[in-house]
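Beneath this line is the structure, given in structure tokens, with notes to follow.
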Amino acid sequence: KVTLTIDNIKVEVPKDYTILQAAKSVGINIPTLCYMKDVNEIGACRVCLVEIQGARGLQASCVHPVAEGMIIKTNTKKVRDARKSTVELILSNHNRECLTCFRNKNCELQSLSEELNITEVPFEGAKTEAFFDNKSHSIVRDSSKCILCGRCVNVCKNVQDIGILEFNNRGFKTTVGPAFEVSMSDAPCIYCGQCIVACPVAALREKEDIEKVWEAIENPNIHVVVQTAPAVRAGLGEEFGLPIGTRVTGKMVAALKRLGFDKVYDTNFAADLTIMEEGHELLHRIQNGGTLPMITSCSPGWIRFCEFNYPEFLDNLSTCKSPHQMMGAIIKSYYAEKNNIDPKNIFVVSIMPCTSKKTESARPEMKGNGYRDVDAVLTTRELGKMIKQARIDFNKLADEQFDQDYLGEYTGAGVIFGATGGVMEAALRTVAEVLEGKELENIEYNAVRGVEGVKEAELTLGGMKVKIAVAHGTAMARKVLEMVKSGEKEYHFIEVMGCSGGCVTGGGQPQVPAQTLMEVDVRVERAKALYEEDTVLEFRKSHTNPQIIKLYEEFLGKPNSHKAHELLHTHYFA
Ligand code: HC0
Ligand code: SF4
């Protein structure tokens with residue numbers, strides 16, 4: 001430990017702390033811009049400058065280590081002036097159309113500029129040539145908003161181990177984007193959107209589909225069915241100022257009903273359906289010498305990663321579509337039949353914590369019944385915007401329930417899909433009972449919970465040893481695949497989610513300012529909301545969902561039946 005003085009306060013901290021961390025530990029919040037904990041600690045933007053007694057010039061506190069006896073001032077005129085000039089300089093080369101900006105009122109640069117009391121930009125000059133790319137279904141890049149902080153670059157490179165984004169050119173001509181400024185859609189981008197979540201401004205954002213959805217809602221001839229992913233309930237509240245991890249299931253349903261959707265369902269129903277299909281696929285592969293390890297296929301970012309980087313593992317992927325695609329296919333077949341609606345007049349909207357699902361839903365093979373399974377995908381943030389557009393007072397809404405007919409029931413197993421390890425746990429709850437041939441008491445699998453990058457366990461189920469692994473974030477997926485490839489590890493079943501933390505921290509979830517990320521592990525807080533919902537539900541195992549049982553009886557036959565294959569399974573491309 002070392003002792004130092006910050007703004008006349010004595011502080012004792014571990015000796016590997018930076019000044020920024022030391023200050024935070026006593027409630028002194030030094031402003032930052034490029035800094036992002038564990039992701040981007042490069043001291044590039046120089047907003048976090050402080051004065052260190054005896055040192056020459058001001059120092060970037062986010063990279064400067066503490067030392068015994070240091071005396072630091074974080075808020076002198078010299079410091080404030082330097083920070084102000086730094087931000088003014090950034091603003092001088094920034095597209096400052098804040099009023100019409102995608103991130104208006106949700107921008108770290110805007111907040112900083114307000115805080116530093118910047119009321120004009122003294123140096124107005126040439127601007128760096130800007131690039132605009134909206135070719136993909138998922139991500140839009142607008143370099144006129146980019147401040148070259150490097151947060152996206154390092155998320156993509158270090159957390160995802162992909163490296164699509166980089167600093168191009170030098171000096172005044174520097175931009176951040178794919179090499180040679182190609183479109184993201186011409187680079188092996190997996191559309192995970194982690195770069196969007198890291199971006200402090202509006203240089204990267206999702207491709208918005210809100211207007212399409214309003215149009216469908218307003219068309220009296222179209223029956224619009226909406227479904228919400230498990231993780232959305234754990235994030236949406238943040239769009240309305242609620243604390244991170246607040247579970248807003250009931251308010252979300254109420255808001256969707258007010259927006260005018262004809263039916264409001266939970267993707268969790270289809271998560272249960274996925275477990276039936278995927279669980280039986282696994283059993284079949286184990287019992288019949290099929291390709292192992294089987295790997296989950298519900299995260300479309302992960303699927304793209306596998307297609308681009310590990311084509312030799314495509315046969316290992318479960319052939320199951322992701323739950324929301326299954327839901328779409330069931331809505332346009334079973335549900336359409338039940339309600340006597342022509343599927344061509346049904347419009348399915350998925351509210352997802354994910355940007356990659358926009359591209360997934362547009363894949364040509366995602367047409368179970370001849371029609372697109374899912375017609376539009378909105379992120380959690382886009383839903384937040386729609387609710388604001390409709391001037392619904394979200395926080396005052398009374399809880400409402402999902403529609404209950406045919407596809408309305410869901411289990412705790414479905415809910416936990418949204419956190420890393422959740423799909424594995426849900427599958428185990430079902431597979432274990434099938435193998436043991438009896439109902440099991442203990443259904444919580446703590447070995448697969450939590451935010452460790454790779455989780456492993458060996459279980460004995462019905463006398464059989466089953467080895468499993470869970471990876472989240474594609475860097476961790478790569479690590480596991482490499483171990484399997486080299487023969488170092490053997491597994492029967494692997495869960496992979498493209499984003500660190502799983503869907504709760506997907507690329508479509510509310511952006512959390514980097515300053516907050518210093519204090520909260522968002523992955524943990526949002527996951528808690530899901531595990532909590534799991535414990536209060538009547539049914540907690542997918543195969544006990546009465547409406548799933550009925551769906552098989554009335555329509556699909558058995559898991560992995562011919563009809564199930566047609567509607568609910570897919571294939572992959574190298
Ligand atoms: Fe997920 Fe899903 S759980 S991918 O993590 O499997 O996005 O939340 O909707 O489809 O159910 C995301 C979340 C989903 C799907 C489900 C799965
Ligand atoms: Fe990288 Fe994911 Fe962003 Fe694509 S979406 S550039 S893979 S972080």
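Before moving on, here are some points about what is shown:
- In this calculation the C-beta distance from MET483 to ASP81 is compared with R0 = 56 Å, giving a FRET efficiency of 0.60.
- Neighbour net charge for PRO243 - beta-carbon separation under 13 angstrom, K R +1, D E -1: -1
- Charge dipole (debye, nearest 20) of the chain; +1 at Cβ of Lys and Arg, -1 at Cβ of Asp and Glu: 1500 debye
- Rounded to whole Å, sorted largest first: equivalent-ellipsoid semi-axes of the stretch 358-482, Cα gyration tensor: 33, 21, 18
- When peptides 378-387, 251-260 are sorted by average Cβ neighbour count within 10 Å, with the highest value leading, the order is 378-387, 251-260.
- √(5λ) per eigenvalue of the Cα gyration tensor, the chain, largest first, Å: 43, 27, 22
- For the stretch 219-313, accessible area per residue (1.4 Å probe, heavy atoms of protein chains only), Å²: 27 Å²
- Descending semi-axes in whole angstrom, ellipsoid equivalent of the stretch 218-322, from the Cα gyration tensor: 34, 17, 14
- The slack in the chain from ILE222 to THR291, taken as 0.36 nm per residue of separation less the alpha-carbon distance, amounts to 20.6 nm.
- Expected 222 nm ellipticity per residue - DSSP helices of 4 or more, -39500 (n - 2.57), all of the chain, to 500: -9000 deg cm²/dmol
- Reducing the stretch 307-379 and the stretch 74-145 to their Cα centroids gives an inter-centroid distance of 38 Å.
- Ranked packing of 349-357, 73-81, 132-140, most packed first, by mean Cβ within 10 Å: 349-357, 132-140, 73-81
- Pairs exceeding 29 Å between alpha-carbon atoms, taken from LYS338/LYS541; LYS173/LYS479; LYS467/LYS563: LYS173/LYS479; LYS467/LYS563.
- Stretch gain in nm, segment ASN168-HIS565, where the contour uses 0.36 nm per residue and the Cα spacing is subtracted: 138.3 nm
- With 0.36 nm allotted per residue and the present C-alpha distance subtracted, the GLU97-PHE573 stretch has 167.2 nm of extension available.
- Long pairs among LYS263/LYS455; LYS145/LYS344; LYS105/LYS257; LYS135/LYS455; LYS135/LYS396, criterion Cα-Cα beyond 29 Å: LYS263/LYS455; LYS145/LYS344; LYS135/LYS455; LYS135/LYS396
The values are calculated or read from the model by the stated rules, or taken from the named source; none is laboratory data. This is a predicted model, so every value here is computed, not measured. Note: ideal-geometry Cβ built from the backbone for every residue, glycine included; neighbour counts use all protein chains shown. Keep in mind that these areas ignore ligands, DNA and RNA; they rest on the heavy atoms of the full protein, side chains included. Shrake-Rupley method; radii C 1.70, N 1.55, O 1.52, S 1.80 Å.
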